[in-house]
Amino acid sequence: MSPAIGHGHGKLILAGEHAVVYGHPALAMAVDRGFTTTLTPEPGPLQLPVEDPRLRAVVQDALPEGGYKVQIESTLPLGRGMGSSAALAVSLVRAVASARGEQLDPAVEWERVFAIEQRFHGTPSGVDQAVSARGGVVRFRRGPPPEITALPHPDWEVVVLDSGKAGDTRTMVDKVRALRPAIDPILSAIGALVDQAQAVLTAPRELGPLLTENHRLLQQIGVSTPTLDTLVDLALSAGAHGAKLSGAGGGGVVLALVGDPAPILTAARERGISAFCCRAAPSDPELP
Ligand code: PMV
C-alpha cells in the first residue's frame with residue numbers, strides 16, 4: 001500500500017490578531033510553507049520535526065489502527081506564530097483520513113483539527129486552522145459557526161523576520177484578557193483597521209501603512225517586545241511598505257510587506273537576524 005500524505009499550510013496574520021478572540025474580524029494568509037505528514041503502513045518509528053511530549057501524544061492519539069511509520073516534516077519555524085500547530089493538525093487529520101480511505105467532510109475536518117488545536121492552545125479562535133486548511137487569504141470571524149470568506153489572491157511578497165524567541169499564545173491571550181475592558185476601544189480600532197486593510201488587500205502601498213498602524217495598536221495592548229519593535233523599524237527603514245508583529249506576540253515573527261525583498265534580507269543578514277521570503281499559498285478551490 002502506498003503512503004497516506006496530508007499537508008497543512010502555515011500562516012501569517014495580516015491584521016486583527018487578539019481582537020479576533022473577542023469577535024472582531026481578522027485577515028490571515030496561508031503561506032507557501034507548512035507541515036507534511038506521511039503515514040506508511042509498515043512498522044516504523046514516529047519521526048517528529050522536534051521532540052516535544054505534547055506533540056508526540058497528539059500524534060499517537062490520532063494514528064489509525066495498525067502499524068504505521070510516521071514521518072512529520074515542517075518547513076515552518078516552530079513556535080513563532082506562523083500557525084505551526086494548526087498546520088500540523090491539518091496535515092495529521094488529512095493523512096489519517098487518507099490512510100483510512102475516508103472522504104473528509106470539511107465540517108468533520110474542522111472539528112477534528114479544532115480538538116487538536118485546543119490541546120495546544122486552550123481556546124483558539126480557529127483563525128489558524130481556517131487558513132491552514134484552505135490556503136489563500138481569508139477574512140475570519142470566530143463562531144460558532146465561524147465566518148470564513150476567501151479574498152482575492154495577492155501577488156505581493158512578504159519578508160518574515162524571526163525574533164529568535166518563541167511566543168506563547170495561551171500566555172499572551174490571557175495577558176490581553178486581563179486588560180479588558182479598559183483596552184476594548186483599542187480592540188475595536190484593530191477591528192476597524194481590518195475592514196480598511198481588506199479593501200486594499202491587493203494594493204501593497206496602501207496596505208502597508210495599515211499593517212504598521214496595526215503594530216502600533218498591538219504595542220498599546222502590550223503584546224509587542226523591544227525586539228519585535230526593532231525588527232519593525234529595521235524593515236521600515238529598509239524600504240518596507242509596512243511591517244507588524246504577526247500572531248500572539250511576546251516573541252515570534254514580524255512580517256514586512258515589500259516591493260523588493262533584497263534590502264531587508266541584506267539588513268537582516270548583517271545583524272544576524274534569520275529572515276526569509278513568503279508568498280500566499282494557492283487557495284483550495286474545493287472548499288466552500
Ligand atoms: O498562535 P498565534 O501566535 O498565531 O496567535 C493566534 C492569534 C491570536 O489572535 C493571538 C489567538 C487566536 O486564537 O486567534
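The values are calculated or read from the model by the stated rules, or taken from the named source; none is laboratory data. The structure presented is a predicted model; accordingly, all values stated were derived computationally and were not measured. When we count neighbours, we look across all protein chains shown, and the Cβ atoms used for this are built from the backbone with ideal geometry, even at glycine.
With respect to L12, determine if the residue is modelled with pLDDT under 90, closer than 30 Å to R177 by Cβ and within 16 Å of the ligand (Cβ to nearest atom). Walk me through it before giving the result.
Values: modelled with pLDDT under 90: no; closer than 30 Å to R177 by Cβ: yes; within 16 Å of the ligand (Cβ to nearest atom): yes.
So L12 does not fit the description; no.
Checking A182 against (1) part of a loop (DSSP other than H, G, I, E, B); (2) small (G, A, S); (3) touching a residue at least 40 places away in the same chain (Cβ under 8 Å), which single condition isn't satisfied?
Every listed condition holds for A182 apart from (3).
Can you tell me which residues in the range 163-179 are more than 9 Å from the ligand (Cβ to nearest atom) and closer than 20 Å to P226 by Cβ?
Across the range 163-179, the qualifying residues are S163, G164, K165, A166, T171, K175, L179.
Kindly indicate whether V258 is within 16 Å of the ligand (Cβ to nearest atom) and within 20 Å of A30 (Cα to Cα).
Values: within 16 Å of the ligand (Cβ to nearest atom): no; within 20 Å of A30 (Cα to Cα): yes.
Taking the combined requirement at face value, the residue does not satisfy it.
Within the set of pairs 6 or more residues apart or between chains, which connect a residue that is under 14 Å from V90 (Cβ atoms) inside the range 26-40 to a residue that is within 16 Å of the ligand (Cβ to nearest atom) and of a type in the set (F, W, Y) with Cβ atoms less than 8 Å apart?
Filtered contacts from the range 26-40: A28/F140.
Scan the range 59-95 for residues that are away from the ligand (no atom under 16 Å from the Cβ), within 27 Å of A280 (Cβ to Cβ) and part of a helix (DSSP H, G or I) and report the count.
To start, the set of residues in the range 59-95 that are away from the ligand (no atom under 16 Å from the Cβ) comprises 59-73, 75, 91-95.
Add one more test, that the residue is within 27 Å of A280 (Cβ to Cβ), and what stays is 71-73, 75, 91-95.
Restricting the remaining residues to those that are part of a helix (DSSP H, G or I) gives 91-95.
Count: 5.
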